[in-house]
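Below is one structure, written out as structure tokens; the observations come after it.
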Amino acid sequence: MKLLKRSILIFSVSILLFSFITACSPDESNELQGGVLAEFEVVGDTFKVWVTNPDTIQQLYDLQDGVSQANIPNGRIHHGPGQADHNEPWSWHLDPQDIEMAEMTIELCDGALWFIEEEIDYFVETVQRFCPWEASLVSLEDYR
């Protein structure tokens, strides 16, 4: 009986210790580091893009500073809200490396955010890119 109580106590302490350690340890893969988070407004809705491509980061700062007219984020589109769920509530995100800022793009990759959400499989599998013509930069947060 004494051995059973000791085993239960050790098991309980182990569970509590494990719970405490996992709750206090940050999940590095779920944090934004080494890039910038750009927020864009498109026809009354907003979305966010996590960017780690150094050239695109410079393009974003040039746009923010008024020295560039390249206001269209043009990137490869993927399923899911992205690293650290940065593009919630949308169920898609743009690739943080395969993105550039453009002054003009083809119409095929343009669309309203709600349309992208409704047609996400088509955009990910067929179009493979998103480039909203009506995008305007709202904010930049630097995580470098």
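Values quoted throughout were computed directly from the atomic coordinates according to the rules given, and no laboratory measurement underlies them. Bear in mind the structure is a predicted one, so any value in this text is a computation, not a measurement. Don't worry about glycine lacking a Cβ; one is built from the backbone with ideal geometry, like all the others, and counts go over all protein chains shown.
Which number comes out as Rg/Rh for the stretch 33-142 once both Rg and the Kirkwood Rh are worked out on C-alpha atoms? Don't skip to the end; give the middle numbers.
On the way: Rg = 12.5 Å, Rh = 13.6 Å.
Using Cα coordinates only, the ratio equals 0.92.
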Item to check | Residue among Thr46, Val36, Gln128 farthest towards the positive dipole end of the stretch 33-142, charges placed on Cβ | outcome: Val36
Item to check | Cut-off 17 Å, label 7 Å out along Cα→Cβ of His79, residues of the stretch 110-144 by amide N | outcome: 116-129
Item to check | Given charges at beta-carbon only (K, R positive; D, E negative), |dipole| of the stretch 33-142 in Debye | outcome: 160 debye
Item to check | Additional length obtainable on full extension of the chain from Asp65 to Glu88, 0.36 nm per residue less Cα span | outcome: 5.6 nm
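If you stretched the chain out fully between Glu41 and Gln128, how much longer would it get, using 0.36 nm times the residue separation minus the C-alpha to C-alpha distance?
Values: separation 87, 0.36 × 87 = 31.32 nm, distance 2.09 nm.
Result for the pair: 29.2 nm of gain on full extension.
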